Amino acid sequence: MLRQRAADHPEQTWLKWKGERYLWGDVLSNIQRAANGLAELGLRPGERVALMVGNRPEFIWAHFAVAFLGAHSVPVNISQRGPALQYILADAEVTTVIVQEDLRDLVVGLRPQLPTVRHTVVVGGKAGDGMDWDFDRVMDAPDREPDVEVIEPSGGVGMMYTSGTTGPPKGVVATQYDTTPIQRLLESSGVRPGETMYTPLPLFHGNALFVSMIGSMLLDAQFALGERFSASRFWDECRRYDAVEFNALGGMISILLKQPAR
């Protein structure tokens, strides 16, 4: 579907991020470059990649690049620390960790206890001091379909961990993207092709990742990504991106209703 959108209208905007706009052609290009870069790093089909990255375009390029290689994306809540973080990375048996700059020390400190981890990549920082590559080097790879042979299905497209309220977090494996329920839900919302869906929710959770990001692809809509939820900025960002839809969680609505009208 992603390739089809890029073929149908490469010059149409899909991603809106702060003051930047990414056309469908740019999106496919960035994902293919990231996939080839990760392949050069040594990522192989069936392996698992932890994404310890907040809302930013690099998360998107990496997430889909992993899928393009037949590997598995493991988004990790960036608030995880210490034993809980070690448990998730060990339980998932990740071979590669892609981590944003301000969290790199967490990964470096845990690496001796993570025997399956072979590669580390830092986003927004420089390689060295425990990081094998930086994401700029990953993105220096060629913009072409990755040359990877997957003889048999690798068992899933990714793994997402629960919050662990009743014990250790549990890895929920997605064997495929079953998009039918999401598509029916969003079609009932009335979002039309070319309109904009907005989320400030974290991409390492299912709501933003599946309903907003992949949902916008299903509807051929545009996708506006906020850095994080802010009640004071929320409606301003909806206006800024011309958003017609957003998804809410828990107390978001009551928080927003307490804001001054404007």
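The values are calculated or read from the model by the stated rules, or taken from the named source; none is laboratory data. Just so it is clear, the structure is predicted and the values come from calculations on it, not from any experiment. Cβ coordinates were reconstructed from backbone atoms using ideal geometry, including for glycine residues, and neighbour counts include every protein chain displayed. Ligands, DNA and RNA are excluded from the accessible area calculation, which covers all protein heavy atoms including side chains. Shrake-Rupley method; radii C 1.70, N 1.55, O 1.52, S 1.80 Å.
Some observations on this one:
- Note on segment 70-211: Kirkwood hydrodynamic radius from all Cα pairs is 17.5 Å, rounded to one decimal.
- Residue-normalised convex hull volume from the C-alpha trace of segment 1-117: 103 Å³ per residue.
- Long-range Cα-Cα pairs in segment 149-262 (distance over 17 Å), rounded percent: 63 percent
- For the chain, the longest principal axis of the alpha carbon atoms and the long axis of helix 24-41 meet at an angle near 10°.
- For the chain, with +1 on Lys and Arg beta carbons and -1 on Asp and Glu, the positive-most of Gly251, Asn77, Tyr161 along the dipole: Gly251
- Here the dipole of segment 139-230 is about 560 debye; that uses its Cα centre as origin and unit charges on the Cβ of Lys and Arg (positive) and Asp and Glu (negative).
- With every protein chain in place, the chain: carbon and sulfur % of accessible area (1.4 Å): 50 percent
- Of the whole protein surface, His205 contributes about 80 Å² of accessible area at a 1.4 Å probe radius.
- Calculated on C-alpha atoms, the gyration radius of the chain divided by its Kirkwood radius gives an Rg/Rh of 0.96.
- At 1.002 mPa s and 20 °C, Stokes diffusion of segment 1-41 via Kirkwood alpha-carbon radius, µm² per second: 200 µm²/s
- Given their separation in residues at 0.36 nm each and the Cα-Cα distance between them, Glu101 and Asn207 gain 35.7 nm when the chain is fully extended.
- Leu23-Asp140 pseudo-label distance in nm [points 7 Å out on the Cα-to-Cβ vector]: 2.7 nm
- Dipole axis of the chain (+1 Lys, Arg; -1 Asp, Glu on Cβ), positive-most option in Gly42, Val66, Val108: Val108
- The residues of segment 36-129 expose on average 35 square angstrom of accessible surface per residue, using a 1.4 Å probe on protein heavy atoms.
- Between the alpha-carbon centres of segment 1-43 and segment 161-199 there is a gap of 21 Å.
- Label point distance in nm, Thr175-Gln259, each placed 7 Å from Cα along Cα→Cβ: 4.2 nm
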